[in-house]
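Q: Dumping the structure here so I can ask a few things about it.
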Ligand code: FES
Ligand SMILES: [Fe+2]
């Protein structure tokens, strides 16, 4: 059948990155967009993150423009109404009683690996699963990159299982699938391939073992092991559907020295790993991912792809994806209604 525009795939449920942890400021909300709606993120008085709808229910100001965080509450710039992390209006700017119905939508939040995630469900259901909390301790400071692409999280995440595209788009050789496990919202795959190194001072081709951990369509991390390198690599791939066919693709890279390794680059001082090798790895990783950009932005979504030996487990991936759509079938289903935050 003729494919549909990937941008028309419905918004999937799941956890989606809305900011990096350290982008949340003490005194100002951060604007974010998820599944066709505007939100702001801020920290309450205990430092806990909150993601709430951006528009004030009083007279509609967007609190990401001029709003501030005061005593752990979000204050609207228009008339000073204040909201707590659950979205309840706790004060007007006049010292009068807040209208009881004045409330913001508040999304469940989750922090992992230096990122802030918000839960989205098209019917507003609470989270039915939570991804693991990844500890940033021991890893180099997170290197980050954000691109906005005309695609959909299901399309970008499909890369993890589309082994057939690796030689053509990325120039990887001898790609071998080692494992695929599917368990509820978690998909795990392992594969290996040969590629040019790209590490400074490490010119030869390298054999890379990849373990991909996918939690829903918005949260993937990839642990890469390069024989003899002496460093462990962690990559994040975090696509968030913004609306209007756009997806924010957040990439992250963190490195750490392999246990007790003096081999490869493992002898380098920590500062060199953090400030030279990690940024170089990020640039290289970003260039790799952006090799897919033209294809993602111009492809059609084929609901029933004509798969062939050599593809990798794309069919199993597509079946796994269905659980993230209200209809149970995300593949080529019509666009979901633009999800207004319920109020
Ligand atoms: S519009 Fe927000 S306080 Fe009036
Ligand atoms: Fe790719």
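Q: Going by the structure shown, is residue 110 more than 9 Å from ligand 1 (Cβ to nearest atom) and touching a strand residue (DSSP E or B) at 6+ places or on another chain (Cβ under 6 Å)?
A: yes
Q: I'd like the full set of residues that are within 25 Å of residue 107 (Cα to Cα) and surrounded by fewer than 20 Cβ atoms within 10 Å (Cβ to Cβ), limited to the stretch 130-141.
A: Within the stretch 130-141, 130, 132, 133, 134, 135, 136 meet the criteria.
Q: Restricting attention to the stretch 231-243, which residues are over 13 Å from the mean Cα position of the chain (by Cα) and crowded, with 18+ Cβ neighbours inside 10 Å?
A: 231, 232, 233, 234
Q: Looking at 168, 193, which one is within 14 Å of ligand 2 (Cβ to nearest atom) and under 22 Å from residue 229 (Cα atoms)?
A: It is 193.
Q: Tell me, please, whether a residue that is closer than 30 Å to residue 303 by Cβ, buried (at least 17 other Cβ atoms within 10 Å of the Cβ) and within 16 Å of ligand 2 (Cβ to nearest atom) can be found in the stretch 37-45.
A: no
Q: Name the residue, out of 133, 148, that is assigned by TED's automatic domain parsing to the domain that holds residue 289, away from ligand 2 (no atom under 16 Å from the Cβ) and under 16 Å from the mean Cα position of the chain (by Cα).
A: Checking each option against the conditions leaves just 148.
Q: Just checking, which of 33, 28 is part of a loop (DSSP other than H, G, I, E, B), assigned by TED's automatic domain parsing to the domain that holds residue 93, modelled with pLDDT of 95 or more and on the phi < 0 side of the Ramachandran plot?
A: After applying the criteria, what remains is 28.
Q: Return the residues of the stretch 160-188 that are crowded, with 18+ Cβ neighbours inside 10 Å and within 15 Å of residue 216 (Cβ to Cβ); say none if nothing qualifies.
A: Listed by number, the residues that qualify are 160, 161, 185, 187.
Q: Restricting attention to the stretch 257-291, which residues are part of a helix (DSSP H, G or I), away from ligand 2 (no atom under 16 Å from the Cβ) and in contact (Cβ under 8 Å) with a residue 12 or more places away in the chain?
A: 270, 273, 274, 276, 277, 278, 279, 280, 281, 282
Q: Could you run through the stretch 215-230 and say how many residues are surrounded by fewer than 24 Cβ atoms within 10 Å (Cβ to Cβ), farther than 20 Å from residue 141 by Cβ and over 9 Å from the mean Cα position of the chain (by Cα)?
A: Of the residues in the stretch 215-230, 5 are surrounded by fewer than 24 Cβ atoms within 10 Å (Cβ to Cβ), farther than 20 Å from residue 141 by Cβ and over 9 Å from the mean Cα position of the chain (by Cα).
Q: Another one. Would the stretch 88-108 turn up any residue that is under 14 Å from the mean Cα position of the chain (by Cα), assigned to a loop (DSSP other than H, G, I, E, B) and closer than 30 Å to residue 212 by Cβ?
A: Scanning the stretch 88-108, I find no residue that is under 14 Å from the mean Cα position of the chain (by Cα), assigned to a loop (DSSP other than H, G, I, E, B) and closer than 30 Å to residue 212 by Cβ, so the answer is no.
Q: Sticking with this one: Mind listing just one residue for me: the one in the stretch 56-71 that is over 23 Å from the mean Cα position of the chain (by Cα) and surrounded by 21 or more Cβ atoms within 10 Å (Cβ to Cβ) and, of those, farthest from ligand 2 (Cβ to nearest atom)?
A: Here the answer is 56.
Q: Okay, moving on. Just one of 117, 83, 16 is within 16 Å of ligand 1 (Cβ to nearest atom), modelled with pLDDT of 95 or more and either surrounded by 15 or more Cβ atoms within 10 Å (Cβ to Cβ) or farther than 29 Å from residue 137 by Cβ (or both); which is it?
A: From the options 117, 83, 16, the qualifying one is 83.
Q: Regarding residue 74, is this residue over 24 Å from the mean Cα position of the chain (by Cα), in a strand (DSSP E or B) and buried (at least 21 other Cβ atoms within 10 Å of the Cβ)?
A: yes
Q: Just to be sure I understand, how many residues within the stretch 244-255 are assigned to a strand (DSSP E or B) and surrounded by fewer than 19 Cβ atoms within 10 Å (Cβ to Cβ)?
A: Residues that pass the stated criteria total 1.
Q: Consider residue 114 carefully, then state whether it is outside the structural domain of residue 214 (by TED's automatic domain parsing) and under 20 Å from the mean Cα position of the chain (by Cα).
A: Spelling it out, residue 114 is indeed outside the structural domain of residue 214 (by TED's automatic domain parsing) and under 20 Å from the mean Cα position of the chain (by Cα).
The values are calculated or read from the model by the stated rules, or taken from the named source; none is laboratory data. As the structure is a computational prediction, the values presented were derived from the model and not from experiment. Note that each Cβ is placed from the backbone with ideal geometry, even for glycine, and that neighbours are counted across all protein chains shown.
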